[in-house]
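The block underneath contains the structure these notes are about, expressed in C-alpha cells.
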Amino acid sequence: MPPRAAPASSTLVPVPTRFFVTSGKGINKTSELNAFDLALLQAGIGDANLVSVSSVLPIGIRQIDRVPIARGAITHAVLARYGGGEGEVISAGIAYGFRADGQGGYVAEAHLHGTQKSLKEFLRWRMQEIAHFRGVELRRIRYRTEELSIPMDHYGVCVAACVFLP
C-alpha cells in the first residue's frame, strides 16, 4: 500500500480547499491572442495571472460556484485552450471526478478540431485512463466544454478551466 500524503496543514506548499469550473469563447478579427483574451474574460478569469497546474483534486476540496478573482491575483488553474481560424469548428474542455474512496480526485483537459460531442468522448476516455493508471474507481465524471464555429475573416478561441482557490 502506498504511503498517504501528509495532511494539508503540515505541508509548506498551499493546498487548495475550493475550486470552480468555468469556460468561455472569443472571436476576434485582429488576432488569436485577442480572441483568447475575450474567452478568458467570458470565463471570468481574464484579469487573473493564470498559473498552469496539473490535474489533482486534493482530499477535502469542495466545488463552489464561480466567484470574482481580484485583478492580478496569482491564480492556479487546469486550463484547456484551443484556437483556430476562419471556417474551423474547435472545442476545448475539462472533465473532473472524485475518487470513490474519498481521497480527492482528478481533472483532465483536452482540445480538438471538432465538436463538443467528440471532445466529451475523448475526455471520458482520458478520465478512465487516469483511474486505471492509479487502480482507483471514480464517482460520477462531470464535464465543462465549449465549441466554436469560427466565422470567415476571424480568429477564435475556446477555453475551459478548473480554478483552484485557498
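Since every read-out is calculated from the coordinates, none of them should be taken as a lab result. Because the structure is predicted, anything quoted here is derived from the model rather than measured. All Cβ positions, even for glycine, are placed from backbone atoms using ideal geometry, and neighbour counts span all protein chains on display.
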For this session: Mind jotting down the distance between the C-alpha centroids of region 124-166 and region 10-42, whole Å?
Result: 13 Å
For this session: Sticking with the crude label model, points 7 Å out along Cα→Cβ, report the distance from K117 to D101 in nm, one decimal please.
Result: 3.8 nm
For this session: Can you figure out the FRET efficiency of I74 with R142, using R₀ = 25 Å and their beta-carbon distance, to the nearest 0.05?
Result: 0.45
Seminar exercise, completed: Phi angles of region 23-35, converted by Karplus (6.51 cos²θ - 1.76 cosθ + 1.60, θ = phi - 60°) into ³J(HN,Hα) in whole Hz with x for Gly and Pro, give 7, x, 8, x, 10, 8, 7, 7, 7, 5, 4, 5, 5
Seminar exercise, completed: Out of L123, I90, G156 - ranked by how far each Cα lies towards the positive end of the dipole of the chain, with unit charges on the beta-carbon of charged residues - the top one is L123
Exercise. Cα-Cα pairs above 30 Å in the chain: how many percent?
Worked result: 20 percent
For this session: Kindly express, to the nearest 10 degrees and within the range 0 to 90, the angle between helix 116-134's C-alpha long axis and the longest C-alpha principal axis of the chain.
Result: 20 degrees
Exercise. Which peptide among 55-68, 24-37 comes first, and what is the full order, when sorted by highest mean count of other Cβ atoms within 10 Å?
Worked result: 24-37, 55-68
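Report the equivalent ellipsoid semi-axes for region 58-125 in whole Å, largest first, defined as the square roots of five times the eigenvalues of the gyration tensor built from alpha carbon atoms. Could you put the intermediate results ahead of the total?
On the way: eigenvalues 137, 76, 14 Å².
The equivalent ellipsoid of region 58-125 has semi-axes of 26, 20, 8 Å.
Treating only the Cβ atoms of Lys and Arg (+1) and Asp and Glu (-1) as charged, compute the dipole magnitude of the chain about its Cα centre; round to the nearest 20 debye. Don't jump to the answer; show the numbers that get you there.
Numbers: 18 positive and 14 negative charges, 147 e Å.
My answer is approximately 700 debye.
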